[in-house]
Every structure is written in structure tokens, then in C-alpha cells.
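Beneath this line is the structure, given in C-alpha cells, with notes to follow.
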Amino acid sequence: VDVRSRWAATLRATDTRFVILDCLRPFLDALGLNEHTEAGRFLVAFDELLDEAGVDEAIVVHHMGHSNERARGDSRIGDWADANWKIVRENDEDDASPRYFSAFGRDVDVHEGRLSFDKHTRNLRFAGTSRGDAKTEAGLMAVIEILIDTPDGLSINGIETAAADLADPPKRAALRGGLKRGIDAGLLAVEKGERGAKIH
């Protein structure tokens, strides 16, 4: 309590209105709290600090777990916030992979979109393209690449077979999604072939 009061006094003295705690796990470790069962104890105390300091808003940064789709550890972490912001990589094993942002909570509903950072202007942009959209777009580009080199067209099976030889072959679902998007957008034509096959 004494330490909290000293922090509260410091925040009041600097007229702090917004606090970013980055990140949660080292605080839990320093206090000997279990990330999986006791994070709520820390967050309750953090709320008391903010109240004592007269701070209206705060962000708590925490790492992902559970297949990188929700906060690691105690479910209380997700329940505590008014809104949960999520940043994930398209490919979790590639540090340079594109990032995607979404946010949901009280009066917050931002569906997943892609973040892009311009290192020259230092601007961060958000585009309403989800990871699923990006995979479908990649599938469409693969289909177009294949059909450009095949003047007589191909069936779905033919396209999937040809895709396996690409340098970076898309997954079957992305390929079929891209095919549908291309047809819906009028980028691809479909004709009847032998034995009822659809030739693209």
C-alpha cells in the first residue's frame, strides 16, 4: 500500500491522465503472483492505484497465449478490461510478418484489419483487411498467375494441381476462396468443359 501511494502521489504531481503498463508479466513475477490464477489480484490493486491517482484511463499490455488468439494465463485478464485490443502476426514464426489489429468490448467493435507502418513518415495505417482476406487475396493472385500461363483454361482440380508447383503455394481453402472472389469480381470467366467440368 505504501508503494502504491507513492506511485499515486507521483502520478498526481505530474497531472497524469493516462497510464500505460507495459507489460503485465514482470509485475506479477516481481510480486510472486501466479499468472494463471492470481492476475486478478494485481489488476484490482492497479484499479485502486488509478483511482487514488485520479487517472481516468489506462492500458495494460500483455502477451498472447492460447494459439495467440487471446491473453495468456488467468481468464480474469480478459474480463477485467473495458475493451480488449489484439495485435497478432500473420505468421507467428516470422518477426517481420504483417500485423493485424482488432478490438472488442464496451462500445468498441473494430473488426480485424491490417496494420502498415511507413518508416519514413512514421505513420501507422489501418486497413480493413483481415488475415482471412489476405489469404484469399493471395489465393486469387496465385489463380491469376496460373491462368495467365494456361490460355485454354483449367478446372478447379487443374488449378489446384498447378498451384502445388508454385514457389509459395497457397492452401486449398485460400485458393478456392480466391477463385470465388475472382469470379464474383468479374476477373475470371467460367465456361463449361468436358463432362460438366468448369473451365476457368
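The values are calculated or read from the model by the stated rules, or taken from the named source; none is laboratory data. Bear in mind the structure is a predicted one, so any value in this text is a computation, not a measurement. Because the Cβ atoms are built from the backbone with ideal geometry, glycine has one as well, and the counts that use them run over all protein chains shown. Please note that ligands, DNA and RNA were not included when accessible areas were found on the heavy atoms of the full protein model with its side chains. Shrake-Rupley method; radii C 1.70, N 1.55, O 1.52, S 1.80 Å.
So, R25, is that one basic (K, R) and either open to solvent by 100 Å² or more (accessible area, probe 1.4 Å) or within 23 Å of A83 (Cβ to Cβ) (or both) or not?
Numbers: basic (K, R): yes; either open to solvent by 100 Å² or more (accessible area, probe 1.4 Å) or within 23 Å of A83 (Cβ to Cβ) (or both): yes.
Taking the combined requirement at face value, the residue satisfies it.
Applying the selection to region 141-159, what residues are in a helix (DSSP H, G or I) and open to solvent by 40 Å² or more (accessible area, probe 1.4 Å)? Before you say what the answer is, go through the steps one by one.
Narrowing region 141-159 to residues in a helix (DSSP H, G or I): 141-148, 156-159.
Matches in region 141-159: M141, I144, E145, I148, I156, N157.
For the structure I just gave you, tell me whether A138 is open to solvent by 50 Å² or more (accessible area, probe 1.4 Å) and free of Cβ contacts under 8 Å to residues at least 60 places away in the same chain. Spell out the reasoning first.
Details: open to solvent by 50 Å² or more (accessible area, probe 1.4 Å): yes; free of Cβ contacts under 8 Å to residues at least 60 places away in the same chain: yes.
For A138, the condition - open to solvent by 50 Å² or more (accessible area, probe 1.4 Å) and free of Cβ contacts under 8 Å to residues at least 60 places away in the same chain - is met.
Could you tell me whether V19 is closer than 29 Å to E112 by Cα, of a type in the set (V, I, T), surrounded by 11 or more Cβ atoms within 10 Å (Cβ to Cβ) and within 19 Å of the chain's Cα centre (by Cα)?
Working: closer than 29 Å to E112 by Cα: yes; of a type in the set (V, I, T): yes; surrounded by 11 or more Cβ atoms within 10 Å (Cβ to Cβ): yes; within 19 Å of the chain's Cα centre (by Cα): no.
In short, no.
Of the residues R12, R76, R41, R4, which is open to solvent by 60 Å² or more (accessible area, probe 1.4 Å), closer than 30 Å to F126 by Cα and out of contact with any Phe, Trp or Tyr (no Cβ under 6 Å at 6 or more places or on another chain)? Show your work before the answer.
On the way: R12 fails: closer than 30 Å to F126 by Cα; R41 fails: closer than 30 Å to F126 by Cα; R4 fails: closer than 30 Å to F126 by Cα.
Among R12, R76, R41, R4, only R76 is open to solvent by 60 Å² or more (accessible area, probe 1.4 Å), closer than 30 Å to F126 by Cα and out of contact with any Phe, Trp or Tyr (no Cβ under 6 Å at 6 or more places or on another chain).
Would you mention how many residues in region 160-194 are closer than 11 Å to G139 by Cα and either open to solvent by less than 100 Å² (accessible area, probe 1.4 Å) or basic (K, R) (or both)?
So the first thing to find is which residues in region 160-194 are closer than 11 Å to G139 by Cα, and the list is 160, 163, 168-182.
The next check asks that each one be either open to solvent by less than 100 Å² (accessible area, probe 1.4 Å) or basic (K, R) (or both); those that pass are 160, 163, 169-182.
Result for region 160-194: 16.
Could you give me the residue pairs with C-beta distances under 9 Å whose first residue belongs to region 120-133 and is part of a loop (DSSP other than H, G, I, E, B) and surrounded by 11 or more Cβ atoms within 10 Å (Cβ to Cβ), whose second residue is at pLDDT below 95 and not small (G, A, S) wherever it lies, and which are 6+ apart or on separate chains?
T129/Y100; T129/E112; T129/R114; T129/E137; S130/Y100; S130/H111; S130/E112; S130/R114
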